[in-house]
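Read through the structure below, which is laid out as structure tokens, and then see the notes.
Read the figures in this text as sums done on the coordinates, not as results from a lab. Nothing here was measured: the structure is a model prediction, and the numbers come from that model. Please note: Cβ atoms are built from the backbone with ideal geometry, for glycine as well, and neighbour counts cover all protein chains shown.
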Amino acid sequence: MTVVVHLLGRPHIDRSGGPAYRFRSNKSWGALAYLLLSERPPTRAQLASMLFAEADDPARALRWSLAEIRRGLGDGGGVDGDPVRLRLPPGAVVDVRVVLGGHWPQALDVPGFGAELLEGKEFRGASGFGTWLLAAQRRIAAATESILHEAALSAMAAGRWDDAIDRAARVTAMNPLDENFQALLIRLYRLAGDPDAAARQLAACTGLLDRELGVAPGRAVQEAAAVVRRPVPAAHPSAAHPSAAHPSAAHPSAAHPPIVSLAPTGEPDAVRAAALLEAGSAAIAAGAIDAGVQALRTAVDAVDLAGSERMRAQVRLELGEALVHSVRGLDEEGLGLLWEVDGIGRRLGWRHGIAQAMAERGYVDFLRARYDRAEVALTGALELAEGSSALTARAAIYLAGVASDRADYPRAFDLVDLGLKHARIAGDARREAYAHCLLGRVHLLTGEFDDAAAMLEESRAMAERERWLAFLPWPQALRADVQLARGDVTGAHAMVRQAFARACQLGDPCWEGFAARGLALVAEAAGDTDGAFVMLADARRRADRMPDGYAWLDGYILTAQCDLGLRHRRPEAAGWIADLQALAARAGMNGFLADGFRYGAALGRTGDAAAAALFHHDDGAVGVAD
């Protein structure tokens, strides 16, 4: 008998062997949802307080709801113990888990895909649960957007324009202020041969951004509107749906119609493409980014006439990585190319190419705080990277960044250790510098300042030896945070000024925002409170001026605004706290969400106070899990 738990939309349970038990209480559904999504089993007292605090006998009310859950799950399932542990029947499927952690074809097939968690259910007298539920609903809404976005990119890579446009339009309607979604939809209209629809979408996007944010569309939207439609290579019949038998085989791109080269083939085109690939890669390595990208774009056109599938994949991989790492604002174009690499690589059996493309897609998801999707891509990359220390180091260290952003520090340490081991084998000093910086940040956030200083100094020294100037402002700004936490305002000021100057010279929005935050905290420590708030606002503007910035940094700056806002009784604090809670809930930034609820509790919000107590009991972990 198969049991399927539906929590999206109107909750219900299906059983293949007959009718399922119907819950009589909304709070039984609430308890089931919490047990399925919480990272750690709650104690009975915790669960009773969250759902039944106003009952005459909270413990008895909880026992009744747990009995309902047992009847609902049927044979093979159970819920017992203290802490309360849920056991699903063998083979059971939970819709929300598929959306959060599955591949996009499976998620799109979920009957309640796009619906709200526990839709229409009310939970009276349970303010703490209501606060948790809102956070969970926000995260699932963000996961739904990410699934649609990924599905649209996948269809675009296969030349299935109608599917791609439908999915891109849906995700743009869900979050119209996301310029990456707007850019994708406009690009798709252009590629599909509908410039009028692209122009209408551009006009709508321009008007919306002006009305809501007072800004013009950024580079990603502008370049998408200028895309020229190229001939699309003919496609072979669609491959079968991905198998769930093995994680590497279950990757969604296996479901795409393959892309093949145009005929006729031509040796001159192949030679020209190879020369352009070499020249473009060399230019990017030398720092001539624009020239390198232009050469690689030309190489893409040339190689499509050359008939070499492997070279088509290689050129797209080089250009995709360049756009993701070296050109601000064009991650969306890079992602489209990386999805094409995935499809071609699977036809060729090019495991390492697929792994490399998956790792870079996971990196973009990591930056944008689409952590659930980053986990799927990076875990797949690790599985396919076997035998390559360079690829293993890359995927493991990116995954460590995901774990660190979500405040899962023990897992972050384990992944950094794995990444460092393989980076040393591969002789990848830059990857080592990045890993040491991640370790330094974790030590800083957990109050281990001596260890943080040591790791960040090692990161800085390695970056300087490698002449990796584009990276240096990050460990420098974090090192200044360490000194400030130690009470060394003068030392912190000197460090963060240098980091800010370097970031501005580079024109890097993330590092500018990071360092500007440090300058603000130094100013506050020196008694310039008003200046500190002005600098924090400037830090957020700098960090957010590109649509593909580092989302965790926005939360880092917001926590400083909230903390200082409460300390100095600023009226804007309530708005900053709301922003922090919304950002952290959507992304699953557990540490920041716990902070947000503590800040809300300080304002006297009952639900936030209950949630803050819940998370404190759980050692700071928020109850929304993978």
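Quick notes on this one:
- Cα-based convex hull, the stretch 464-530, per residue volume (Å³, whole number): 73
- Between THR606, MET535, LEU209, the Cα set farthest toward the positive side of the dipole of the chain (charges on each charged residue's Cβ, about the Cα centre) is that of THR606.
- Among 467-474, 401-408, the order from most to least packed when residues are scored by Cβ within 10 Å on average: 401-408, 467-474
- Across the options ALA501, THR131, GLY349, the greatest Cα extent toward the positive end of the charge dipole of the chain (unit charges at beta carbon of Lys, Arg, Asp, Glu) belongs to THR131.
- When TYR599, TYR409, TYR556, TYR21 are arranged by Cβ crowding within 10 Å, least crowded first, meaning fewest neighbours, the order is TYR21, TYR409, TYR556, TYR599.
- Point-to-point label distance, ASP109-LEU177, nm (Cα→Cβ direction, 7 Å offset): 3.6
- Least to most buried among SER281, SER65 (fewest other Cβ within 10 Å first): SER281, SER65
- Considered as an equivalent ellipsoid built on the Cα gyration tensor, the stretch 3-140 has semi-axes of 23, 18, 13 Å, the largest given first.
- Charge dipole (debye, nearest 20) of the chain; +1 at Cβ of Lys and Arg, -1 at Cβ of Asp and Glu: 820
- Point-to-point label distance, ALA582-ALA485, nm (Cα→Cβ direction, 7 Å offset): 2.9
- Annotation: the residues GLU212, GLU39, sorted from fewest to most other C-beta atoms within 10 Å of their own C-beta, follow the order GLU212, GLU39.
- For the pair the stretch 74-94 / the stretch 328-347, the C-alpha centres are spaced 40 Å from each other.
- Among PRO111, VAL98, GLY518 the positive-end extreme of the charge dipole of the chain (Cβ point charges): PRO111
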